[in-house]
1. Name the single residue that is nearest to Ala307 (Cα to Cα) among those in the range 345-367 being open to solvent by 30 Å² or more (accessible area, probe 1.4 Å) and either outside any loop (DSSP other than H, G, I, E, B) or without any contact (Cβ under 8 Å) to a residue 12 or more places away in the chain (or both).
2. For Leu249, state whether it is under 30 Å from Asn150 (Cα atoms), under 14 Å from the mean Cα position of the chain (by Cα) and not basic (Lys, Arg).
3. What number of residues in the range 283-304 are closer than 19 Å to Pro213 by Cα and either among the aromatic types (Phe, Trp, Tyr) or out of contact with any Cys (no Cβ under 8 Å at 6 or more places or on another chain) (or both)?
4. Identify all residues within the range 402-429 that are of a type in the set (A, V, I, L, M) and over 24 Å from Lys361 (Cβ atoms); write none if there are none.
5. Does any residue of the range 409-419 turn out to be open to solvent by less than 70 Å² (accessible area, probe 1.4 Å), assigned to a loop (DSSP other than H, G, I, E, B) and aliphatic (A, V, I, L, M)?
6. Does Pro244 count as surrounded by 13 or more Cβ atoms within 10 Å (Cβ to Cβ) and over 20 Å from Leu225 (Cβ atoms)?
7. Go through Phe195, Phe218 for me and flag whichever is under 22 Å from Leu106 (Cβ atoms) and not assigned by the TED database to the domain that holds Asn373.
8. So which of Ser174, Ser245, Ser194 is touching a helix residue (DSSP H, G or I) at 6+ places or on another chain (Cβ under 8 Å) and free of Cβ contacts under 8 Å to residues at least 60 places away in the same chain?
Amino acid sequence: FIPILEQFVWPSGLFRLKMVDNALAFLLLSVLFYLCCDYNIVSHYLSRAAQVGQLREVSNKAHNAELKLFLEVELGLDLRPIRPPEKSKEDILLFFKLYNPEKEELRFVGRLFVKALGKPSDILTKLNEMAGFSPNEEIELYEEIKFEPNVMCEHIDKKLSFRSSQLEDGDIISFQKPSIPGGDTQVRYKDVPSFLEYVHNRQVVHFRCLEKPKEEEFCLELSKLHTYDDVVERVARQLGLDDPSKVRLTSHNCYSQQPKPQPIRYRGVEHLLDMLVHYNQTSDILYYEVLDIPLPELQCLKTLKVAFHHATKDEVVIHSIRLSKNSTISDVITDLKTKVELSNPDTELRLLEVFYHKIYKIFPPHEKIENINDQYWTLRAEEIPEEEKNLTAQDRLIHVYHFMKDPNQNQQIQNFGDPFLLVIREGETAAEVMDRVQKKLRVPNEEFAKWKVAFISMNRPEYLQDIDAVSARFQRRDVYGAWEQYLGLEHTDTTPKRSYTANQNRHTYEKPVKIYN
C-alpha cells in the first residue's frame, strides 16, 4: 500500500483521499489503518467523530470533494505501535517541518501537543532535537497558512503564546536556522516563505525548436514569475549562446497543438506565465529559434518570405527578404533581384499574393510592406512576360487557374496547382488561347487533349467551344474580383504533393520548392 499512499501526498505532508461516498471512504481508511497498525489505537482518534462525513464537513473550507487526513504510526522499541498520548482541552496538535535552504528541502519532522497558553520559546529545545540541531541552536518559526490559490506563510513571534498567534489544532509550523546576510554559502531561497513561493510558482517548460515543432529539445525548470529576460537568458545558457537577445520565443496554441502564428515580441510579456496562457488554458510548451541579429533590431525590420518563379525553370526558390518597415514593394523587388537568376538582366519583376491556388492581388510598386501578411498568404515574385508590357485597349490580362470537380462534394470546383496570368486578345478564340497555354506550360499533346477549358464565375463553370471568343466572357470588369472570374483549365491533378526534389515532368502545375534563408 505504500505506492498507493504516495500518490496522495500533499505538499504539506498530509494524505488526501477523494471522497465519492462516505461509507466507501470509511471502509478504505479502515483497511489502511488495519494493515498499518492496531485498529483499536486508531479508533481512539476516530471515536471523537461519529462519521467520516462529519470530519469532511468540519474540515472542508473550500467546498470541494476532498478530505485531507494525516496518518501517523509511532513504533516502540519492540516495533509495536504506541498508543497516542491523551489530548486535553488545553492542548493543541501542531505539525512541524524543517527547511534546509542549502538543499532546498522542506520535510516533515514530527508533531507535538502543546499548551494553547504556552509559547514557542518553550519548545525550542524539542524542535532542535527533532531537527538534529544542538539544544541551544537559534531557529526561526513560520506558520504555513495556505498554499492555494496563493501562498500565505507568516513569521511567528516566539515570545507570544500559541493562542495569541492564532495557532490551532492541525496548523503547520516550519522552522529553520536563521539566514545570515552576506554569508559564505549562497542560497536561492533563504527562508521558508520564499521557498514556498518558488514551489508554488515553479514550472517545467518543454522547449521545441520552431523548425521542428513536434520534437522536444530540452526542458527547463523555471518560475511562473520569471521575467521575459529571465526566460530568454536561461534558454540562451542552455543553447550555449552569448547573446540572449538573439533568442525568439513563440507560444503554444493549446487547441491546434501548433505554434502560434506570431512570435512573442521582445519584452512583449512580463512573466513566463503570460507566455504559457492561451485563453483559459495553460500550456507547458514554448518554441524557440536562434536569430542571426538581436530581436530588438529584427523587430524594426520586416521579414517577408517570397517565392520566386523563374520564367523557364521548374524549381521555385523561396527567399527571406529583410527590410525596414517603411520600405516599399519596389524595394523588395530590388533586393530580390540581387539574390535570383533572371532570364534576362533587364527583366522586370512583380509581386503577387496567392492563396489556395488563386491570385488575389498584384502589389503596386509604391505600397508599403509594413502591413503585408505572409503568414497565411504566399508572396510570389515572377518575371513579367514581354507580351504583357505593351497591352492595347482591347487586350485583357486574365487569371488562369487549374481545377477539377470533386465527385464527393456535388461536383464542386476544387482549384490546385500554380495559378498564372495570361493576356488574351480581342476576338481570340478558345482554341487559339489554349494553344498558347499549352506552349506556356509545355504539356504533351496526348495529355493536353484531355483538358477542358471553361469560363468560371462564382465557382460556376461555363465550358467553351474551340470557336468561342474568350474575350467576350471578360467584358464586365467590375462585377466581381478578378479571382472570381477566371479561365479554368479542367484536368486531373497528377502533381506529387509538394515535392522538394526536381520533378521529371516539365509541365508541372505545382513546382518543386527550394528554400533559402
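1. Here is the first cut: in the range 345-367, the residues open to solvent by 30 Å² or more (accessible area, probe 1.4 Å) are 345-346, 348, 353, 355-357, 360-362, 364-367.
Those left that are additionally either outside any loop (DSSP other than H, G, I, E, B) or without any contact (Cβ under 8 Å) to a residue 12 or more places away in the chain (or both): 345-346, 353, 355, 360-362.
Values: Pro345: 19, Asp346: 20, Glu353: 10, Phe355: 13, Tyr360: 15, Lys361: 15, Ile362: 14 Å.
Within the range 345-367, the match that is nearest to Ala307 (Cα to Cα) is Glu353.
2. On the way: under 30 Å from Asn150 (Cα atoms): yes; under 14 Å from the mean Cα position of the chain (by Cα): yes; not basic (Lys, Arg): yes.
So Leu249 fits the description; yes.
3. Step one: of the range 283-304, the residues closer than 19 Å to Pro213 by Cα are 283-291.
After this cut, where a residue has to be either among the aromatic types (Phe, Trp, Tyr) or out of contact with any Cys (no Cβ under 8 Å at 6 or more places or on another chain) (or both) as well, the list is 284-288, 290-291.
Total satisfying the criteria: 7.
4. Initial filter on the range 402-429 (of a type in the set (A, V, I, L, M)): 404, 413, 421-424.
Across the range 402-429, the qualifying residue is only Met404.
5. Taking the range 409-419 and keeping what is open to solvent by less than 70 Å² (accessible area, probe 1.4 Å), we get 413, 415-419.
Subsequent filtering for residues that are assigned to a loop (DSSP other than H, G, I, E, B) retains none.
Checking the range 409-419: not a single residue is open to solvent by less than 70 Å² (accessible area, probe 1.4 Å), assigned to a loop (DSSP other than H, G, I, E, B) and aliphatic (A, V, I, L, M).
6. On the way: surrounded by 13 or more Cβ atoms within 10 Å (Cβ to Cβ): yes; over 20 Å from Leu225 (Cβ atoms): no.
Spelling it out, it is not the case that Pro244 is surrounded by 13 or more Cβ atoms within 10 Å (Cβ to Cβ) and over 20 Å from Leu225 (Cβ atoms).
7. Values: Phe218 fails: under 22 Å from Leu106 (Cβ atoms).
Result: Phe195 is the single residue among Phe195, Phe218 that is under 22 Å from Leu106 (Cβ atoms) and not assigned by the TED database to the domain that holds Asn373.
8. Working: Ser174 fails: free of Cβ contacts under 8 Å to residues at least 60 places away in the same chain; Ser194 fails: touching a helix residue (DSSP H, G or I) at 6+ places or on another chain (Cβ under 8 Å).
Being touching a helix residue (DSSP H, G or I) at 6+ places or on another chain (Cβ under 8 Å) and free of Cβ contacts under 8 Å to residues at least 60 places away in the same chain holds for just one of Ser174, Ser245, Ser194, which is Ser245.
The values are calculated or read from the model by the stated rules, or taken from the named source; none is laboratory data. All values derive from a computational prediction rather than experimental measurement. As a convention, Cβ positions derive from the backbone with ideal geometry for all residues, glycine included, and neighbour counts pool all protein chains shown. Each accessible area value is taken on the protein alone, full model and side chains, heavy atoms only, with ligands, DNA and RNA left out. Shrake-Rupley method; radii C 1.70, N 1.55, O 1.52, S 1.80 Å.
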